[in-house]
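Enquirer: Below is a structure I'd like to ask you about.
The values are calculated or read from the model by the stated rules, or taken from the named source; none is laboratory data. Here the structure is a predicted model, which means the values were calculated and not measured. Neighbour counts run over all protein chains shown; Cβ positions are idealised from the backbone, glycine included. The protein model used for the area step is the full one, side chains on, heavy atoms only, and it has no ligands, DNA or RNA in it. Shrake-Rupley method; radii C 1.70, N 1.55, O 1.52, S 1.80 Å.
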Amino acid sequence: MKSGQNAPFLSRVTRHASRVMDMTIRRRTRTIHKGAVPIGSGYPISVQSMTTTPTADVAATVAQTHELEALGCEIIRVAVPDRAAAEAIAAIRREIRIPLVADIHFSHRLALAAIEAGADAIRINPGNLKKPEHVREVVLAALDRGIPIRIGVNSGSIRPRNGLQVASVVGTRGSRVPGGPVPTDEPSVATTQGTDEPSVATTQEEADLAALMVERTMEYVHQFEDWGFRDIILSLKASDVLSTVEAYRAVAARCDYPLHLGVTAAGPPGIGTIKSAIALGILLNEGIGDTVRVSLTGPPHKEVEVAYDILASLGLRERRHPEIISCPTCGRCEIDLLALVEQVEEALRGAPPSLTVAVMGCVVNGPGEAADADIGVAGGKGVGYLFRKGKLLREVPADRLAEELAAEIAKLSTP
Ligand code: SF4
């Protein structure tokens, strides 16, 4: 960091971000209701997650849903791998407040059972239901119940497996309504499966993958519309950022259905958060996206927290927790900043989300940035300088910094 410039810099960034978002025009969509939650351009971008419990275990699924709801989860999705799971939906539904989406693969009977059990919406990939008439049956049941369907086309359902080739969209356009594997006798791009050699065709392959996802999705959309069904939300998730962004951009230009954003199988929280933040950040900043699910390997509460962090970073939703501004430290730092940050994190539990606390390693930049926060500290030699609302409060011995900062946080947290 350069000396003396960061206090105004941070506030400039904040102001700049809000101006940028003010100028971002959200893509106009129709509004779809998942239970009581409206999804579409006129409404806040909602946050959803998926339970990791066996759905048939009603008590565990209800408990996890309540935990996620407390963190701000607004829509919950449950897997429906078997009839017991489908039947459990009725009991789960009675015990939770937020809308429940049933996630179904391969079996139209399970989709019908989930609808019958009272799911507020279902998610299917029509391509993995066996027959077009099965898809039609599910669509008509949803129409009858007045619930929406998310058409969720993932790259995994499009991408070739076991040496099959990626089929060019040119060869598949209009020929696949709905479902079934990509015909291998159609034109194809380079195949990288089964070889360790890096492929120069990767970019083209990813572009084709995104285009194929869009083509497939639009075929399903048109088929649903032909059946009189327009209560549709779309998702086109790839596990890589560029394909995901490309697919959502393209589909956003071709219809007015709300979009559920996500990167599929994004990975564990570290890399998964990065991939999700980049993909969703790009799209949301372009006004694309109406509801989000961050997909992370691990406890689902992290998904909800990351989703809100992404949305709050773009000024699209309120923060769910206080913000800590802390420096990376460098050779100028003369206090144990890492320990202090951990103590501040602890002190901030339950504090108002609007609170901003700065924890800076030295007085070179520290006072400027600390002055910009609600409360802040800048380290010195054996001491720290406490600031509150831009004013120097006092110098504090280093061994009392955490305690005094926690006391100031408590004062600010008291209404
Ligand atoms: Fe910046 Fe922190 Fe280094 Fe001070 S200690 S110059 S605030 S990185």
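Enquirer: Scanning for something basic (Lys, Arg), surrounded by 13 or more Cβ atoms within 10 Å (Cβ to Cβ) and either in contact with a Leu (Cβ under 7 Å, 6 or more places away or on another chain) or within 30 Å of Val304 (Cβ to Cβ) (or both), does segment 318-341 turn up at least one residue?
Expert: Within segment 318-341 (the criterion being basic (Lys, Arg), surrounded by 13 or more Cβ atoms within 10 Å (Cβ to Cβ) and either in contact with a Leu (Cβ under 7 Å, 6 or more places away or on another chain) or within 30 Å of Val304 (Cβ to Cβ) (or both)), the answer is yes, since at least one residue qualifies.
Enquirer: Pull up segment 231-252, narrow it to residues that are open to solvent by less than 10 Å² (accessible area, probe 1.4 Å) and in a helix (DSSP H, G or I), then point me to the one that is farthest from Gly127 (Cα to Cα).
Expert: Among residues in segment 231-252 that are open to solvent by less than 10 Å² (accessible area, probe 1.4 Å) and in a helix (DSSP H, G or I), the one farthest from Gly127 (Cα to Cα) is Val245.
Enquirer: Another question, if that's okay. So is Asp290 open to solvent by less than 30 Å² (accessible area, probe 1.4 Å), of a type in the set (D, E, K, R) and more than 16 Å from the ligand (Cβ to nearest atom) or not?
Expert: When the stated conditions are applied, Asp290 passes them.
Enquirer: On to the next question. Any residue at all in segment 390-409 that's open to solvent by less than 50 Å² (accessible area, probe 1.4 Å), away from the ligand (no atom under 13 Å from the Cβ), farther than 22 Å from Glu318 by Cα and part of a strand (DSSP E or B)?
Expert: yes
Enquirer: Follow-up question, since we're still on this one. Hey, does segment 266-283 have a residue that's touching a Leu at 6+ places or on another chain (Cβ under 8 Å), closer than 29 Å to Arg145 by Cβ and either surrounded by fewer than 20 Cβ atoms within 10 Å (Cβ to Cβ) or not charged (D, E, K, R) (or both)?
Expert: no
Enquirer: Just to be sure before I move on: is Ala36 more than 28 Å from Ile324 (Cβ to Cβ), surrounded by fewer than 18 Cβ atoms within 10 Å (Cβ to Cβ), small (Gly, Ala, Ser) and modelled with pLDDT under 95 in the structure I sent?
Expert: yes
Enquirer: With the requirement that a residue be within 16 Å of the ligand (Cβ to nearest atom) and touching a strand residue (DSSP E or B) at 6+ places or on another chain (Cβ under 9 Å), what does segment 299-328 give you?
Expert: Ile324, Ile325, Ser326, Cys327
Enquirer: Now, a different point. Being within 17 Å of the chain's Cα centre (by Cα) and either at pLDDT below 95 or open to solvent by less than 70 Å² (accessible area, probe 1.4 Å) (or both) is the filter here; which residues of segment 42-64 pass it?
Expert: The answer is Ile45, Ser46, Val47, Gln48, Ser49, Met50, Thr51.
Enquirer: Would you mind stating whether Leu386 is more than 31 Å from the chain's Cα centre (by Cα), over 30 Å from Leu71 (Cα atoms) and within 16 Å of the ligand (Cβ to nearest atom)?
Expert: Judged against the criteria, Leu386 is a match.
Enquirer: Could you tell me whether any residue of segment 369-377 is crowded, with 18+ Cβ neighbours inside 10 Å, over 26 Å from Ser46 (Cα atoms) and either basic (Lys, Arg) or away from the ligand (no atom under 16 Å from the Cβ) (or both)?
Expert: Looking for residues that are crowded, with 18+ Cβ neighbours inside 10 Å, over 26 Å from Ser46 (Cα atoms) and either basic (Lys, Arg) or away from the ligand (no atom under 16 Å from the Cβ) (or both), one finds at least one in segment 369-377, hence yes.
Enquirer: Right, next: Report whether or not Arg332 is basic (Lys, Arg), over 13 Å from the mean Cα position of the chain (by Cα) and within 26 Å of Lys391 (Cα to Cα).
Expert: yes
Enquirer: Let me ask something else about it. Starting from segment 46-74, take each residue that is over 17 Å from Thr291 (Cβ atoms) and list its partners that are among the acidic types (Asp, Glu) and not in a helix (DSSP H, G or I), counting only C-beta distances under 8 angstrom and pairs at least six apart or across chains.
Expert: What qualifies is Ala56/Asp82.
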